[in-house]
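Quick note: the coordinates plus some simple rules give every number you see, no bench work behind them. All values derive from a computational prediction rather than experimental measurement. Note: ideal-geometry Cβ built from the backbone for every residue, glycine included; neighbour counts use all protein chains shown.
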Amino acid sequence: MSAMFRALENPNYRIWASGAIVSNIGTWMQRVAQDWLVLTVLTDHSGAAVGLTTGLQFLPMLLFGPYGGVLADRYRKRIILMWTQLAMGFTALAIGLLVVTGTAQLWHAYVAAFCLGLASAVDAPARQAFVSELVGQDNISNAVALNSASFNTARLTGPAIAGVLIAWVGTGPVFLLNAASFAAVLVSLFRIRTTQPAPVAKGDRNKHQVAEGIRYVRRRPDLMLIMVLVGILGAFGMNFPVINSLMATTEFSTGPSEFGLLGSIMAVGTLAGALLAARRSGPRLRFLLGGALGLGVFTILGSIAPNFWVYAAILIPVGLASITFLNSCNTSIQLSVEPQFRGRVLALYLAILQGGTAIGSPLVGWIGSEFGARWSVAVGGIVVLLAGIAAVLAVTRRNRLTLRGALRMALGRREPAV
């Protein structure tokens, strides 16, 4: 098998990946349906309401994600995932039925988003750490990249399917289809041979487990760099569901099909970035920093795009830069953190990433509503670019690099320590 897909040689990982891609498609369909429902059905094109909905979905990860990491370090991840997938499926079913019956109100969308976030706060750390148990240490980097490829294949197809379905039958059936898609993950979890995944060390039982995880990160400059960048990029650079909905409707005056198409076009870049990452043997600091810088530059360019199709084309390098950054962060954590801390560190990483989105989404939505969609894009791009430049300067100063050394690092000719 090609080196790009070497993790698929593991039977358990193949089973997991087959179920995950079906569920991921449903998840991306629901994301588009949720934004469109709030923007055009439950409000009169309120960017602030869309941002608040997105924020409520990611807020539980900020509040409870570290405790989800404690659960992932202490209990069997396969069982945790079964319960969380059921919870998310029932939530999608409930909001879908409300929409189909014409009884959905804005507060229903808020509650559904928050409930999905609660389940995700427990699900995400266990799911991320579960991969390393399935494939072993040697194939973690490849498995993380293939997970991203699966996620972004779904991101490529899900929004486009959702856009067509919304225009044809409305948003309600899209929620119901997502509810059904969770069955694929549940079936794959039941099929996985429970004796095959490698055992990992469990965290000690004590009331300070979350604090221990935080102290562990604070002792590691490389992890601190990742967490700071992830927080800033999560708040200002990962809000494209919000800004795409505003750009599609208020700036370019398009409908749900075009809105869904923007998500699919962006996924071309993220899928390409994930497949490129799958070819690499491990994480590199230059990809992490380069991804942050690239995301800032191309987001700023998107803010001045003269028409819909130019904006859509710019989303391809935006997606490539964002997934390059996120894959580098995730793989670095998976490979460098001891097993007994892995769940908690991944949970902290996800809490900062999604918590940043929870904080940033309402702000970005408000900027778009008050000053125009282009300003919400521009502000995010400028903040991300400045953060990337600051990170490069911090790394070069720590390693006492000259300007020439910094340029060599940016070109991939030198790889300093963090």
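Counting pairwise Cα distances across the range 69-127, what percent come out greater than 18 angstrom?
Tail fraction, whole percent: 40.
If you place +1 on the Cβ of every Lys and Arg and -1 on the Cβ of every Asp and Glu, how big does the dipole about the Cα centre of the range 26-137 come out, in debye to the nearest 20?
360
So what's the back-of-envelope 222 nm ellipticity for the chain, counting only DSSP H runs of four-plus at -39500 (n - 2.57) apiece and dividing by all residues, rounded to 500?
Calculated at 222 nm, the ellipticity per residue is -27500 deg cm²/dmol.
With just the Cα atoms of the range 220-373, tell me how far they stretch along each of the three principal axes, in Å, largest first.
Principal extents (Cα only, largest first): 50, 32, 24 Å.
Residue separation times 0.36 nm, minus the C-alpha to C-alpha distance between R218 and W309: what's the value?
Stretched out fully, the R218 to W309 stretch lengthens by 28.4 nm.
Set the Förster distance to 45 Å, then compute FRET efficiency between D44 and L335 from the Cβ-Cβ distance, nearest 0.05.
With a Förster radius of 45 Å, E is 0.40.
Would you work out the Kirkwood radius for the range 2-102? I mean one over the mean of 1/r across all pairs of different Cα atoms, in Å.
It is 16.4 Å.
Starting from 0.36 nm per residue, how many nanometres of slack lie between F371 and V100 once their C-alpha separation is accounted for? Working shown, then result.
Values: separation 271, 0.36 × 271 = 97.56 nm, distance 3.42 nm.
So the extension gain works out to 94.1 nm.
Using θ = phi - 60° and the Karplus relation 6.51 cos²θ - 1.76 cosθ + 1.60, list the HN-Hα couplings for the range 158-163 in order, rounded to whole Hz, with x at every Gly or Pro.
Result, ordered by residue: x, x, 5, 4, 4, x Hz.
7 Å from Cα along Cα→Cβ at both R193 and E9: what's the point-to-point distance in nm?
1.6
Could you give the alpha-carbon Rg of the range 1-44 over 2.2 N^0.38 Å, rounded to two decimals?
1.84
For V210 and T250, calculate 0.36 nm times their separation in residues minus their Cα-Cα distance, and state this gained length in nm to one decimal.
Values: separation 40, 0.36 × 40 = 14.40 nm, distance 4.32 nm.
Gain on stretching V210 to T250: 10.1 nm.
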